[in-house]
Amino acid sequence: MPVRIGFIGTGGIAGQHFSTLSQIEDAQPVAFCDVDTARAESAARRFEGKSYSDPRKMFAAETLDAVYICLPPHAHKDAEIWAVQAGCALFVEKPQANNMKTAQRIAAAIADAGVISSVGYHFRYFDATERARKMLNAKGASPVAMAHGYWLGGFPGVSWWRRMEQGGGQLVEQCTHIVDLARYFAGDITRVYCCAAQREVPKTYKDSNVPDVTALTVEFQSGAIGTMSTTALLGGVGATGLDLMALNTLYELRGNSLTVRAQGGETTSFSHGNNPYLSRKTASSSKPSRPASAPASKAPTPTASKPSP
Ligand SMILES: NC(=O)c1ccc[n+]([C@@H]2O[C@H](COP(=O)([O-])OP(=O)(O)OC[C@H]3O[C@@H](n4cnc5c(N)ncnc54)[C@H](O)[C@@H]3O)[C@@H](O)[C@H]2O)c1
């Protein structure tokens, strides 16, 4: 049965979700809302749906099963609340908000409505992540004692990213993926120490007030500790990752690849190009279009080797 989907926010990431949804037979994007009416209209033309500039008008006019919220961090205010009050299942792009008060208000509305909801923390759904979880949950495996994560890249082009009061800064806006992944493995974070600075950004973007380097130390509820760092100074030279350290074992997650180094020099590598937004069944039988950022699906390539001493 077709699932009728509405979008609030039809910018960059919405375009990637359009491509993924085009590969799912029962997904039917039908309504598109954006304050930039040209964007909403363009999406509506693509799917032969309707465009709106006000989410309330969209909910009044449409019967929707699900809503994708693809707004910049500062724009999450009431859209989610209107969506769940209309009984819609919810997919919300990360970060849920740029402040705790808004995030908690939205979480309470979702819990009250009892609808299905998910935030776009897609690193959780990579096959490499699943593989690491299985290894760490295996009988006799030692738990994570320390995590080291990083998000190193350049300055995104969208103007809201340059302002703390809008995007929330790189830690909240991008490294949130790595924070989420660390929590997935080591549990909730109970204490944070952070240093952040603006070193180079004002030279290029005079209107920017976000730090371009950040370093933090965290404590997890489990007793594990961790460090995370971000920089926006590396245009064209990005790297993201999370290293997990357990007794005698190092797990290195790099997007959808995992390398595990164990005592004695044994190394296991696993790499898989799954699109975390598609089930394996859909991915293998799907129509050709796929999101620009998602690598093509291919068979898993686990390898094990013992390096020469
Ligand atoms: N999961 C991922 O890997 C991933 C990747 C990229 C972006 N994102 C997240 O998606 C969110 C959006 O990013 P983007 O790159 O699409 O930004 P964008 O600026 O390209 O698009 C945002 C759209 O929202 C619209 N908008 C703003 N306020 C609105 C409002 N009140 N009502 C309706 N529309 C409104 C804008 O006009 C714009 O078209 C960000 O939070 C970003 O972190 C996630």
Q. For region 98-120, does any single residue satisfy the condition of being buried (at least 20 other Cβ atoms within 10 Å of the Cβ) and without any contact (Cβ under 8 Å) to a residue 24 or more places away in the chain?
A. no
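Matching residues to (1) under 15 Å from residue 150 (Cα atoms); (2) more than 19 Å from the chain's Cα centre (by Cα); (3) not assigned by TED's automatic domain parsing to the domain that holds residue 170:
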{"residue": "185", "(1), (2), (3)": "no, no, no"}
{"residue": "188", "(1), (2), (3)": "no, no, no"}
{"residue": "196", "(1), (2), (3)": "yes, yes, no"}
{"residue": "203", "(1), (2), (3)": "no, yes, no"}
{"residue": "216", "(1), (2), (3)": "yes, yes, no"}
{"residue": "222", "(1), (2), (3)": "no, yes, no"}
{"residue": "227", "(1), (2), (3)": "yes, yes, no"}
{"residue": "261", "(1), (2), (3)": "no, yes, no"}
Q: Considering each of 147, 132, 182, 141 in turn, give the residue that is surrounded by 21 or more Cβ atoms within 10 Å (Cβ to Cβ) and farther than 28 Å from residue 212 by Cα.
A: 132
Q: Being of a type in the set (Val, Ile, Thr), within 9 Å of the ligand (Cβ to nearest atom) and in contact with a Lys or Arg (Cβ under 9 Å, 6 or more places away or on another chain) is the filter here, so list the residues in region 3-36 that pass it.
A: 10
Q. Do you know which of the residues in region 14-49 that are β-branched (Val, Ile, Thr) and surrounded by 18 or more Cβ atoms within 10 Å (Cβ to Cβ) is farthest from the chain's Cα centre (by Cα)?
A. 30
Q. What is the one condition in (1) out of contact with any Ser or Thr (no Cβ under 9 Å at 6 or more places or on another chain); (2) more than 15 Å from residue 216 (Cβ to Cβ) that residue 143 does not satisfy?
A. (1)
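Can you tell me which residues in region 37-96 are among the β-branched types (Val, Ile, Thr), more than 11 Å from the ligand (Cβ to nearest atom) and in a helix (DSSP H, G or I)? Can you show your working first?
Quick first cut of region 37-96, residues among the β-branched types (Val, Ile, Thr) only: 37, 63, 67, 69, 81, 84, 92.
Next, from what is left, pick out any that are more than 11 Å from the ligand (Cβ to nearest atom): 63, 67, 81, 84.
Correct list: 81, 84.
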Q: Filter region 116-168 for residues that are among the charged types (D, E, K, R) and touching a strand residue (DSSP E or B) at 6+ places or on another chain (Cβ under 9 Å) and give the result.
A: 127, 131
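The values are calculated or read from the model by the stated rules, or taken from the named source; none is laboratory data. Please read all numbers here as calculations on a predicted model, not as lab measurements. Cβ: placed from backbone, ideal geometry, glycine included. Neighbour counts: every protein chain shown.
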